[in-house]
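Beneath this line is the structure, given in structure tokens, with notes to follow.
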Amino acid sequence: MTGTPLTLAIETATPYLALGLLGSAGSWHETRQVGRAHAEQLPEALGALLAASGVSKHDIASIIIGTGPGSYTGVRVGASFALGLGRAWGVSVRGVPTLEALIDAQHEGLQAVTLDARKEQLYGAVYRVASGAVAEIVTAPGKFAQTDFAAHLTEFPGILQRPDAVPDALALARAGQAHGAADWTLAYL
């Protein structure tokens, strides 16, 4: 790389490990289904992504972490790793709700994203998506009874529904660049 500042996105709240690098010089991403092996695979996956992209850690200007909701261990692994890198590399670490990584970045308009919260409940949100990222929160992220959320979605005919979607680290990076929170907290299932 030529020193172009990049954003590193890390998402570990679901059974997937999603990593992304986003900057004006390009974008790179990797997503793996890892179950509960985030801690074992995260360092190697990041090293592979940096090597494949030709990016140096010195090119990374900020880190975005998916803050959940999600697996208790997965969320903590990702956050700890991101905070450690941020401190070692001297870059900021900002948080974005994991649900924002579940959008279909290729689809403009309203999208409903959900994660199973067990016991006939889910975590869900309705977003307006533009330019590959959440542009507006229509229904704030929250925990809902599945039937209540389904009834709520009838207010949005034709809405794209994304239940338990594979996270998109580049969507997370774009969201983080646009509105990542410096004072984030973690949310668990």
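The values are calculated or read from the model by the stated rules, or taken from the named source; none is laboratory data. Keep in mind that this is a model prediction, so the values were computed, not measured. Glycine gets a Cβ as well: all are built from the backbone with ideal geometry, and neighbour counts include every protein chain shown.
Counting residues that are touching a strand residue (DSSP E or B) at 6+ places or on another chain (Cβ under 9 Å) and among the basic types (Lys, Arg), which strands (runs of 3 or more DSSP E) fully inside segment 95-161 reach at least 1?
Values: elements: 109-118, 121-130, 133-145.
Fully inside segment 95-161 and qualifying: 121-130, 133-145.
Take the residues of segment 137-183 that are within 28 Å of residue 93 (Cα to Cα) and of a type in the set (Val, Ile, Thr): which is nearest to the chain's Cα centre (by Cα)?
166
Does segment 55-82 hold any residues that are surrounded by fewer than 18 Cβ atoms within 10 Å (Cβ to Cβ) and in a strand (DSSP E or B), and which are they?
Answer for segment 55-82, where residues must be surrounded by fewer than 18 Cβ atoms within 10 Å (Cβ to Cβ) and in a strand (DSSP E or B): just 61.
Answer yes or no: is there a residue in segment 79-89 that is more than 30 Å from residue 137 (Cα to Cα) and charged (D, E, K, R).
Checked segment 79-89: at least one residue is more than 30 Å from residue 137 (Cα to Cα) and charged (D, E, K, R).
Considering each residue of segment 40-54, count those that are surrounded by fewer than 17 Cβ atoms within 10 Å (Cβ to Cβ) and either touching a residue at least 40 places away in the same chain (Cβ under 8 Å) or in contact with a Cys (Cβ under 9 Å, 6 or more places away or on another chain) (or both), and give that number.
The number of residues fulfilling the criteria is 1.
Scanning for something surrounded by 13 or more Cβ atoms within 10 Å (Cβ to Cβ), of a type in the set (Ser, Thr, Tyr), touching a Gly at 6+ places or on another chain (Cβ under 7 Å) and in a strand (DSSP E or B), does segment 2-14 turn up at least one residue?
Taking segment 2-14 as the starting set, the residues that turn out to be surrounded by 13 or more Cβ atoms within 10 Å (Cβ to Cβ) are 5-14.
Next, only the ones that are of a type in the set (Ser, Thr, Tyr) stay: 7, 12, 14.
Checking the rest, the ones that are also touching a Gly at 6+ places or on another chain (Cβ under 7 Å) come to 7, 12, 14.
Next, from what is left, pick out any that are in a strand (DSSP E or B): 7.
For segment 2-14, residues surrounded by 13 or more Cβ atoms within 10 Å (Cβ to Cβ), of a type in the set (Ser, Thr, Tyr), touching a Gly at 6+ places or on another chain (Cβ under 7 Å) and in a strand (DSSP E or B): present.
Search segment 96-110 for residues being of a type in the set (A, V, I, L, M, F, W, C) and farther than 20 Å from residue 185 by Cβ, and hand back the single one that is nearest to the chain's Cα centre (by Cα). Outline the logic, then answer.
Applying the first criterion (of a type in the set (A, V, I, L, M, F, W, C)) to segment 96-110 yields 96, 99, 101-103, 105, 110.
Next, only the ones that are farther than 20 Å from residue 185 by Cβ stay: 103, 105, 110.
Working: 103: 9, 105: 12, 110: 18 Å.
Of everything passing the filter in segment 96-110, 103 is nearest to the chain's Cα centre (by Cα).
Look through 93, 129, 134, 113 and report the one residue that is in the same structural domain as residue 65 (by TED's automatic domain parsing) and either over 16 Å from the mean Cα position of the chain (by Cα) or not charged (D, E, K, R) (or both).
Of the residues listed, the single one that is in the same structural domain as residue 65 (by TED's automatic domain parsing) and either over 16 Å from the mean Cα position of the chain (by Cα) or not charged (D, E, K, R) (or both) is 93.
How do the pairs read when you match residues in segment 74-86 that are within 19 Å of residue 32 (Cβ to Cβ) with residues anywhere that are crowded, with 20+ Cβ neighbours inside 10 Å and of a type in the set (Asp, Glu), using Cβ under 8 Å and keeping only pairs 6 or more apart or on different chains?
Short answer, once both residue conditions are applied: 78/11.
I'd like the full set of residues that are touching a Gly at 6+ places or on another chain (Cβ under 9 Å) and among the hydrophobic types (A, V, I, L, M, F, W, C), limited to segment 118-132.
Within segment 118-132, 125, 129, 130 meet the criteria.
Just to be sure, is residue 173 in the same structural domain as residue 23 (by TED's automatic domain parsing) and modelled with pLDDT of 95 or more?
So residue 173 fits the description; yes.
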